[in-house]
């Protein structure tokens, strides 16, 4: 009878672990929930970033798209054994700003709040702002350009941690 109980517990543990891994993988494939807000001077993308620290978060501004990646670490709990690993460790999300958005990518900031939200603020820029152009000889010139024309530009955004 004792062997049957051990076998049942072993099978149950294996099933729970498999289900937990499947749930975690499904969570990793699901984009992070995000809200996009707009004020007179900026756009604000608010992502859910549960259990993340500033060092877990990467924010990239590619053209008009705000891209976020969380690489979380699951801290082992002393005196506890993992029975159901159901939370995904690598999470991604993105939001694209409106097509007519003129933005200042260099002024973008990201703040990780204590409540588990990541706020990425992207200031609005002026349409037709000067863009530095370098020719083949390495000489620099300036010319006017619409901010949305530069889709290939990518800026990394530093993440501030409000939890400290």
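Please treat every number below as a calculation from the coordinates, not as lab data. Being a predicted model, the structure only gives us computed values, none of them experimental. Counting neighbours? That spans all protein chains shown, and the Cβs are built from the backbone with ideal geometry, glycine included.
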So, by mean Cβ neighbours within 10 angstrom, what's the order for 45-53, 30-38 with the highest one leading?
-> 45-53, 30-38
Measuring from a point 7 Å past the Cα of residue 160 along Cα-to-C-beta, which residues in segment 43-72 have an amide N at less than 19 Å?
-> 43-49, 52-61
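Quick one: which of 59-69, 105-115 comes out on top by average Cβ neighbours within 10 Å, and what's the full order, highest first?
Numbers: 59-69: 19.6, 105-115: 16.3.
The peptides rank, most packed first, as 59-69, 105-115.
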